[in-house]
Every structure is written in structure tokens, then in C-alpha cells.
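Structure first, then comments.
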Amino acid sequence: MNIEKLFNSELSELIREVLICAIQLDDDGKILLANSIRNKVQENDTPAVKGFLNRLANIIESEAVVK
């Protein structure tokens, strides 16, 4: 999926769906999902895409209770 080619409404829907799934996970699942998103960042991604994916991962990870 090319994030940069998504319309704002499609991107908003994607973010909403990811966050809805994330809140249903236990803490370990949230951390695994956040790490998986970070692992999707590729060398040739634009700074905007890298920043978006990292920010999304940070939001999900921040919802997990650190043990």
C-alpha cells in the first residue's frame, strides 16, 4: 500500500481502523503491533511516511501499560 497516494478520507479511515484494532489488544499485543509498524518503515520511504508510521506506532505503544 502506498500511503502517499491515499486520499485524506482513505487515510483517516485506515488510521481509525488500526486504532480500533489496537485498543482491543492487550498490552503485549499493542507493543507487538507498534514494533511491527516500525518494521514496515523502509529506507526509500519519504520522511513524511516514516514520520507518520513512527507516530502511529508511538501512539499505539503509549496506550500499553509499561510493566
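The values are calculated or read from the model by the stated rules, or taken from the named source; none is laboratory data. What you are looking at is a predicted structure, and each value in this text was computed from that prediction instead of being measured. Here Cβ is always computed from backbone atoms with ideal geometry, including for glycine, and neighbour counts include all displayed protein chains. All accessible areas refer to the heavy atoms of the entire protein, side chains included, with ligands and DNA or RNA removed. Shrake-Rupley method; radii C 1.70, N 1.55, O 1.52, S 1.80 Å.
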Between region 9-28 and region 31-45, the alpha-carbon center distance in angstrom: 15
task: Per DSSP H run of n ≥ 4, the term is -39500 (n - 2.57); total these for the chain, divide by its residue number, and report the mean residue ellipticity at 222 nm rounded to 500 deg cm²/dmol.
output: -22000 deg cm²/dmol
field: Degrees separating the helix 8-23 axis from the principal Cα axis of the chain, which is the longest one
entry: 20
query: Stokes-Einstein at 20 °C, 1.002 mPa s, Kirkwood radius from Cα pairs: D for the chain in µm² s⁻¹?
result: 173
Within the accessible area of the chain (1.4 Å probe), percent carbon and sulfur: 56
- line: For the chain, the count of lysine pairs 8 or more apart or interchain whose alpha-carbon atoms are under 23 Å apart comes to 6
Exposure ranking of GLU43, GLU17, GLU61 by accessible area [1.4 Å probe, largest first]: GLU43, GLU17, GLU61
message: If I model a spin label as a point 7 Å beyond the Cα along the Cα-Cβ vector, how far apart are those points for ASP45 and ASN2 in nm?
response: 1.6
